[in-house]
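S.K.: What follows is a single structure, and I will ask about it in a moment.
The values are calculated or read from the model by the stated rules, or taken from the named source; none is laboratory data. Bear in mind the structure is a predicted one, so any value in this text is a computation, not a measurement. With ligands, DNA and RNA removed, areas are computed over all heavy atoms of the protein, side chains included. Shrake-Rupley method; radii C 1.70, N 1.55, O 1.52, S 1.80 Å.
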Amino acid sequence: SSPSSPSSTTKKKKKKNKEEFDEVEAPELPSPPLCPTCRGPLLPQALMFDESYSSHEFYEFDKFASWFTSADVFVFVGTSFAVTVTDMAIKEARKRKIPVFNFNLESGRLEPSNTLNVENVIGKSEETLVELSECLKEKVE
């Protein structure tokens, strides 16, 4: 084998084809789990893009909307800023001129401007958030 070609001993991961997945039997539920509040079908604990945050009481949209208006700072961790809730927070930060901290693996997701006070903290969250915690402890003490 040539230096640029892969070694013949390299193992390839076997991908399952559609037929193999079709053979797996899915468990059947007698009925979907129900929400204890509204008794409707229990929804997954995730929002899809452009899904309304007020679509179900569980998300407590009114509560977090009120948090936005009383926040002194916004801290984002690992977001692409491609969902409604992050857009709402950025608009509130601009409106009230409060600082925004963006903890992410790469820069460029959110840029500071004359209308937005952003500090991008680049690195792994398991390292950068520890540093944030230590800085906050020092401020409190």
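S.K.: Using protein chains only and a probe of 1.4 angstrom, how many square angstrom of Ser113 are accessible, to the nearest 10?
M.R.: Surface accessible to solvent at Ser113 totals approximately 60 Å².
S.K.: Report the Stokes-Einstein translational diffusion coefficient (µm² s⁻¹, integer) for segment 57-138, Rh taken as the Kirkwood radius over Cα pairs, at 10 °C with viscosity 1.306 mPa s.
M.R.: The estimated diffusion coefficient comes to 117 µm²/s.
S.K.: Just to verify a number: what accessible area does Arg39 come out at with the full protein assembly present, 1.4 Å probe, Å² rounded to tens?
M.R.: Its heavy atoms expose roughly 140 Å² to the probe.
S.K.: Just reorder Ser54, Ser133 by solvent-accessible area, largest first, 1.4 Å probe, all chains present.
M.R.: Of Ser54, Ser133, the descending order of accessible area is Ser54, Ser133.
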